[in-house]
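Every number here is computed from the coordinates shown, using simple stated rules; none is lab data. In this text, all values refer to a predicted model and were calculated from it rather than measured experimentally. Don't worry about glycine lacking a Cβ; one is built from the backbone with ideal geometry, like all the others, and counts go over all protein chains shown.
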């Protein structure tokens, strides 16, 4: 998959997120937005897996697991938040997921603010 493909998919996911935010607004728990986004992405024909568990290794030892909200088209990590404003820690978490899952790109989507917040995260390995 190349940059044009990633851009097309992230554009479609962003559109689905906008539909959810326009319908619900802010103020719900993250899980509600996750379920609604799954409905929208299914309607849009986007292939995804929800809450994918992934092992984290340190010096060859499994030290735990992390769970991404979505892996879209087996290429893009999508992490959701429902907070008033995104902070550096949220961006760091999304970047860690992109690197840990060895994906080139990720999306961090925040439904908790008055306006939908969307951030594209890049894995430095693929730059």
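Overview of results
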| quantity | calculated |
| --- | --- |
| Qualifying residues in segment 97-121 (those that are part of a loop (DSSP other than H, G, I, E, B) and more than 30 Å from residue 59 (Cβ to Cβ)) - the one farthest from the chain's Cα centre (by Cα) | 114 |
| Segment 44-85 - residue that is in contact with a helix residue (DSSP H, G or I) (Cβ under 8 Å, 6 or more places away or on another chain) and outside any strand (DSSP E or B) and, of those, farthest from residue 20 (Cα to Cα) | 75 |
| Filter result for residue 91 (in contact (Cβ under 8 Å) with a residue 12 or more places away in the chain and either out of contact with any strand residue (DSSP E or B) (no Cβ under 9 Å at 6 or more places or on another chain) or part of a strand (DSSP E or B) (or both)) | no |
| Residue that is surrounded by the fewest Cβ atoms within 10 Å (Cβ to Cβ) [pool: residues in segment 35-87 that are at positive phi and touching a strand residue (DSSP E or B) at 6+ places or on another chain (Cβ under 6 Å)] | 64 |
| Test: residue 18 is within 16 Å of residue 116 (Cβ to Cβ) and in contact with a strand residue (DSSP E or B) (Cβ under 6 Å, 6 or more places away or on another chain) | no |
